[in-house]
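Peer 1: This is the structure I want to talk about, given as structure tokens.
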Amino acid sequence: MASFTMSTARLAAPAKVSGLGFRKAISAVRLAAKPAPVATKAVAMTVCKTKAKPGHGKAKTNKSAAKRFKITASGKVLHRRPGKQHLNSHMSTRHKKRLSGERQIGREQIPLIKGLLPHSRKAIR
């Protein structure tokens, strides 16, 4: 375990950070040395009626994702199997046939797809 004693011009007393790596120790000292926030003027924000977060603008569809994924009527997301575009002359017919067709996206990927396709007409489940 490394132990670092650091003193900077911004801090009144040296800060001792033990048990951390060098980079984490430096960032801990920097976090402790931040000044209090200064009051700022209130800024009027325009209200956007899309699904975007405030201050982030409009939610836009990722066009490459829209071309790659298909949403069924029941809300499942389908995609093409990779590995059949080229260099497949050595593959058996059974292998190439298995790669054709579409397959359902895993549950872990659903939030990513929802973020890429915010304006999909069908609900993604």
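Peer 1: Describe numerically, in nm with one decimal, the distance between label points set 7 Å from Cα along Cα→Cβ at ARG80 and at HIS119.
Peer 2: Output for this residue pair reads 2.5 nm.
Peer 1: In addition: Cα atoms only, region 82-125: Rg and Dmax in Å?
Peer 2: 15.1, 41
Peer 1: For THR93, THR61, write out the residues from largest to smallest accessible area, computed with a 1.4 angstrom probe and no ligands counted.
Peer 2: On the way: THR93 110, THR61 50 Å².
These residues rank, largest area first, as THR93, THR61.
Peer 1: Using 0.36 nm per residue, how much length does the chain from SER89 to ARG23 gain when fully extended, once their Cα-Cα distance is taken away? Could you put the intermediate results ahead of the total?
Peer 2: Details: separation 66, 0.36 × 66 = 23.76 nm, distance 5.09 nm.
Once the chain is fully extended between SER89 and ARG23, it gains 18.7 nm.
Peer 1: Let me ask something else about it. Let me cross-check ILE110: its accessible surface, 1.4 Å probe, with only protein heavy atoms counted, in Å² to the nearest 10?
Peer 2: That residue has around 20 Å² of solvent-accessible surface.
Peer 1: Considering all alpha-carbon pairs of region 59-110, what whole percent are spaced by more than 14 angstrom? Spell out each step's value before the answer.
Peer 2: Working: 825 of 1326 pairs.
The proportion of pairs with Cα distances above 14 Å equals 62 percent.
The values are calculated or read from the model by the stated rules, or taken from the named source; none is laboratory data. All of these numbers come straight from a predicted model, not from anything done at the bench. Cβ atoms come from the backbone with ideal geometry, glycine included; neighbour counts cover every protein chain shown. Quick note on the areas: whole protein, heavy atoms, side chains included, nothing else; ligands and nucleic acids left out. Shrake-Rupley method; radii C 1.70, N 1.55, O 1.52, S 1.80 Å.
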